[in-house]
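A quick write-up on the structure given underneath.
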Amino acid sequence: MEHPKIYRNLAKLNSLEMFYLDTRTEGPVILCLHGRWGRAETWVDFMRHYGKQYRIIAPDQRGHGLSSKPVSKYTGEEMAGDIVELLDHLKIDSIILVGHSMGGRVAGYLTAMYPNYIQALAILDKSPAGPATPSLLPLDQLPCVEPVTKDWPLPFSSLNEAMDYIRQAMESELSYQYFMNSLIETVDGYQMMFSPQAMAANIHYNADWYHLLPEIKCPVLLIRAKNSEGVPDEDYNKMQSLLANGLAYEMSHPDHNVHLSNKEEFYAYMDGFLGQL
C-alpha cells in the first residue's frame, strides 16, 4: 500500500520556531506529541498507518529536534501553549490529541486548559504523579545537567561510535531507535539534538497534575505498557477513577514505547477508540 507523503515544515510562531511533520491529507486532524528526548520521527509509522483517513501532524516540541530551544522551565502549561500557537498558525480549531510519555503530560495540560480544541485525547504510558508543588528554584540556579546523556562522550567522533555507544546505553531496540532519531552530524562530530537545559528543566519543574483529570470531559484513551514502571497500578487505577469518559488498556509488551512495541495490538486499541468518536 502506498503511504501518504509526509511533509517537513517549520512554523515561525510568536514564542518560538516549531518544526513539524504533516501529512496534509483530508480528514479529521490527529496531533501527536513525542516524549522527552524524542522527536516527531517517532510518529512516522503512525502517520503512515492513519494518514489516508486523517491529517496527522507531529511537531518537535520546544527544546527538541529542529524546534527552538529557549531557556525556560518547560512546564506543561508552557508547552501546551506552544501547541495552541501552532494550531492557530495552521488555522486548526479541532484535533484528536495523542501524547506519549512527556507528550502525555503536555497533552493533559492542553486538554484541560484549552478544551475547545480537543475532540478526544490519548495518553500513552504516562502517569500524572509528581511533586505536590512545583519547584521554586530560580531558573538561573538550575544546573543544566541532563541525566541520561550527562556521561556520554559527546560529540561522538563517528556515526559508528555513536551507534555502538547508544545501543549499549539503551535497554531496548526501540529506545535505541528513539535516541537515534535525535542524533545529528555537526562540524564537531555527532551530537544530540535536544537541549540539556530543556531536559533538566522539564524534569525539575514537573509537578503532579492529577487535579486536571476531572476537568477533562472529552473521551480519553489510556494505554500503558505491561507492568509499566511509569504507570504503576495505583496510578493507572486513579487515572481511570478521575476521568469522566475514560477507556484503558494494558499492552502485552513491557516496552515504554507502546505505540511501537506491538503495532498490531496498539492500532487495534486506537481503531476502537477512534471508531467511537
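Brief remarks on what is shown
- Any hit, segment 124-135, residues being in contact with a helix residue (DSSP H, G or I) (Cβ under 6 Å, 6 or more places away or on another chain) and closer than 23 Å to ASN14 by Cα: no
Residues are listed down the side, and each one gets a yes or a no for (1) in contact (Cβ under 8 Å) with a residue 24 or more places away in the chain; (2) touching a Pro at 6+ places or on another chain (Cβ under 7 Å); (3) farther than 22 Å from PRO143 by Cα:
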site	(1), (2), (3)
ARG36	yes, no, no
ARG39	yes, no, yes
THR42	yes, no, yes
TYR54	yes, yes, yes
GLY65	yes, no, no
SER68	yes, no, no
SER72	yes, no, no
ALA80	yes, no, yes
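- Residue within segment 199-211 that is more than 21 Å from HIS253 (Cα to Cα), of a type in the set (D, E, K, R), out of contact with any helix residue (DSSP H, G or I) (no Cβ under 7 Å at 6 or more places or on another chain) and not assigned by TED's automatic domain parsing to the domain that holds PHE179 present: yes
Here's the yes/no breakdown for (1) at pLDDT 95 or above; (2) over 19 Å from TYR117 (Cβ atoms); (3) surrounded by 21 or more Cβ atoms within 10 Å (Cβ to Cβ):
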position: PRO28; (1), (2), (3): yes, no, no
position: GLY35; (1), (2), (3): yes, yes, yes
position: GLY38; (1), (2), (3): yes, yes, yes
position: VAL44; (1), (2), (3): yes, yes, no
position: ARG48; (1), (2), (3): yes, yes, no
position: LYS52; (1), (2), (3): yes, yes, no
position: ALA58; (1), (2), (3): yes, no, yes
position: GLY63; (1), (2), (3): yes, yes, yes
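- Residue check, ILE166 on the phi < 0 side of the Ramachandran plot, crowded, with 17+ Cβ neighbours inside 10 Å and not assigned by TED's automatic domain parsing to the domain that holds GLN61: yes
- Within segment 85-99, the residues that satisfy the criterion of being outside any loop (DSSP other than H, G, I, E, B) and either under 27 Å from PHE266 (Cβ atoms) or not assigned by TED's automatic domain parsing to the domain that holds ALA200 (or both) are LEU86, LEU87, ILE95, ILE96, LEU97, VAL98, GLY99.
- Only one of LYS91, LYS150 that is over 19 Å from the mean Cα position of the chain (by Cα) and at positive phi: LYS91
- Check on ASP88, free of Cβ contacts under 8 Å to residues at least 12 places away in the same chain and under 24 Å from MET113 (Cα atoms): yes
- Filtering segment 105-148 to residues that are of a type in the set (Gly, Ala, Ser) and outside any helix (DSSP H, G or I) leaves ALA120, ALA122, SER127, ALA129, GLY130, ALA132, SER135.
- Qualifying positions in segment 195-225 - under 17 Å from the mean Cα position of the chain (by Cα) and among the β-branched types (Val, Ile, Thr): ILE203, VAL220, ILE223
- Meets criteria (under 19 Å from the mean Cα position of the chain (by Cα) and either hydroxyl-bearing (Ser, Thr, Tyr) or not assigned by TED's automatic domain parsing to the domain that holds TYR74 (or both)) for MET239: no
Residue-by-condition table, conditions (1) assigned by TED's automatic domain parsing to the domain that holds ALA107; (2) more than 26 Å from GLU173 (Cα to Cα); (3) touching a Phe, Trp or Tyr at 6+ places or on another chain (Cβ under 9 Å):
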{"site": "TRP43", "(1), (2), (3)": "yes, no, no"}
{"site": "TYR50", "(1), (2), (3)": "yes, no, yes"}
{"site": "GLN53", "(1), (2), (3)": "yes, yes, no"}
{"site": "HIS64", "(1), (2), (3)": "yes, no, yes"}
{"site": "LYS69", "(1), (2), (3)": "yes, yes, yes"}
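- Highlighted here would be strands (runs of 3 or more DSSP E) found entirely within segment 179-274 that include at least 3 residues which are modelled with pLDDT under 95, surrounded by fewer than 17 Cβ atoms within 10 Å (Cβ to Cβ) and of a type in the set (Phe, Trp, Tyr), but there are none.
The values are calculated or read from the model by the stated rules, or taken from the named source; none is laboratory data. The structure presented is a predicted model; accordingly, all values stated were derived computationally and were not measured. No Cβ is skipped: glycine too gets one built from the backbone with ideal geometry, and neighbour counts run over all protein chains shown.
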